[in-house]
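The values are calculated or read from the model by the stated rules, or taken from the named source; none is laboratory data. Keep in mind that this is a model prediction, so the values were computed, not measured. Cβ: placed from backbone, ideal geometry, glycine included. Neighbour counts: every protein chain shown. Accessible surface is based on the protein model in full, side chains and every heavy atom, while ligands, DNA and RNA are left aside. Shrake-Rupley method; radii C 1.70, N 1.55, O 1.52, S 1.80 Å.
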Amino acid sequence: MAQLAWIGGGNNKASNPKDWSPTGVPQAGDSLTIAAGTINIAGGDLAGDPLMLDLGGPFPYLGPITVNLSQGAALSEYLDPYGTGARVTFNLSNATLNLQANGFVFGSIDPVVNLRRSDTFHYSVGAGSGGTVNLAANSTWVGDIYVHALGNHDYGGDVVVNGGAHASFDNQASEVDSGHTTVNADVVGVGSFGMGLKDSYAGHPATLEFSGSVGYGQAITMSDAAHGGNAGLVLQLDKPTAFQGSVTLVQGRVDLEGLATADSYTFKNDMLSIFAGNAVIDTLRLHDATQYGFAVEKTATGVGVVAIGDPAHPPAGLAIHMV
């Protein structure tokens, strides 16, 4: 097994022996590191070889590092910096990336991942780290996000997903247990979002925000069964009329933004209907799995669906619509 360090060169191809020190083409089982620069990985380049991103620390940080994956290339990467400020960018074009970004007591990392075609990306993030995922116009992201939280120093940070025109996130099985995850892209396909199901931490409850459309095949479950309940969970729907998925509410609240004219509601057969006068202005497929039921209340920005924590003092709610 050889130990090769990336030095880069004219074409920055991972298959170019002159871009490695000592000179040579990486073989299966080699130990590979990159501390700075750009590396282009195409097809089967580095197949079977883990590429260690040497993020240095705590001072100074090396980098920036740019990893370009194309033509079916696949890479699994674990980022665990000691310090703050690492700059790491992944560019995918018909490629696959399994990425885990873990900060530490002394630092965090917020990588940028750019998806350009039909790309598979699985992202696990925690310990104060976050990140940005950018979907180019007409691109498709197949994969998921796992923002975890295991304790005082291992809760996930903020993750932002941005989508260009006609871009989509084909979500498989995401989990958001802490931090604020914002999805500014249309969500399609058959999949799920869990909130607080695995390892949420009461001091840093999760917010999951959708600013675009969410398809019928997506199911969201809000609960903190593993930790005895977390009323801080928030599902925020910026365009509630574009949300076609289903919600199972155990704890927390669902914010339906922009429904300023709402004055009453009905709930029947797992369908919540919001009225303004005699007109239905929004519907939500809602499964009530709360212990004490839920309240539908007016907020400063719309309507909130709130799991009742104290049945003796429930929130003031909208009226039940009378036909």
Modelled FRET efficiency - R0 45 Å, Thr241 with Arg87, Cβ distances, 0.05 increments: 0.70
Rounded accessible area of Tyr292 (nearest 10 Å², 1.4 Å probe): 100 Å²
Burial ranking of peptide ranges 39-46, 270-277 (average Cβ count within 10 Å, highest at the top): 39-46, 270-277
Segment 245-323: projected area of the alpha-carbon convex hull, averaged over directions, in nm²: 5.1 nm²
Packing rank of 306-317, 280-291, where each peptide gets the mean count of other beta carbons within 10 Å, highest leading: 280-291, 306-317
Gained length - Thr301 relative to Arg117, 0.36 nm times residue gap less alpha-carbon distance: 62.6 nm
Chain lengthening between Ala219 and Asp310 when straightened (0.36 nm per residue, less Cα-Cα): 30.1 nm
Under 20 Å from Lys298, Cα to Cα: aspartates and glutamates that are on another chain or at least 8 residues apart: Glu209, Asp238, Asp255, Glu257, Asp263, Asp282, Asp288, Asp310
Segment Thr132-Ala28, extension gain: residue separation times 0.36 nm, minus the distance between their alpha carbons: 34.3 nm
